[in-house]
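Peer 1: Sharing a structure here in structure tokens format.
No value in this document is a laboratory result; all are computed from the given coordinates. All of these numbers come straight from a predicted model, not from anything done at the bench. Neighbour counts run over all protein chains shown; Cβ positions are idealised from the backbone, glycine included.
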Amino acid sequence: MSIRKSTQNTIKNYLANFDSYEQLPSQLDDIFIGFCRSEGHPKYNKKLFYLLKNLDEINSATVTNHLQRQATRLSYELPTDAYCALLAVMCAKLIGIVEHHIAVGNIEPMENEQPDFEFDPYLVAEEF
């Protein structure tokens, strides 16, 4: 299988904040569903989410390898090259769309570096 284009998955860390598709905020869910419908594949939203959550780089080879391992582990039929190539193209497009919505402020970026509260051991010690 030849690899024409590879896309870096820049939203993987963002999606890592969600354990499952059901935990996505409604705005992000709407983007996934709307994109899949506009591409003519309305039921691919969860598949794209899990691919984007797990792969660092998006191309037909990485998608094929991931799906073949999954199919082998679950004793499913192996995916076709055309199906994997389609998913790779859809993932690449969706990365750009999600990046755009984060840039214009439709989706709030996650603050991974910031804890919910600041822990200061000196303040705790002073209270006793």
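Peer 1: Within 10 Å of each residue's Cβ, count the other Cβ atoms and sort 37, 69 from fewest upward.
Peer 2: Values: 37 13, 69 10.
By the 10 Å Cβ count, ascending, the order reads 69, 37.
Peer 1: Still on this model: Which log10 I(q)/I(0) values, to two decimals, does the range 7-126 give at q = 0.20 Å⁻¹ under the Debye formula with one point per Cα?
Peer 2: -1.14
Peer 1: With +1 assigned to the C-beta of every Lys and Arg and -1 to the C-beta of every Asp and Glu, and no other charges, what is the dipole magnitude of the range 7-126 about the Cα centre in debye, to the nearest 20?
Peer 2: Working: 9 positive and 17 negative charges, 196 e Å.
The dipole of the range 7-126 has a size of about 940 debye.
Peer 1: Here's something else I'd like to know. So which GluC sites (Glu not before Pro) in the range 1-110 are both in a DSSP loop and have at most 11 other Cβ atoms within 10 Å of their Cβ?
Peer 2: For GluC sites (Glu not before Pro) across the range 1-110 that sit outside H, G, I, E and B with at most 11 neighbouring Cβ atoms in 10 Å, the list reads 77.
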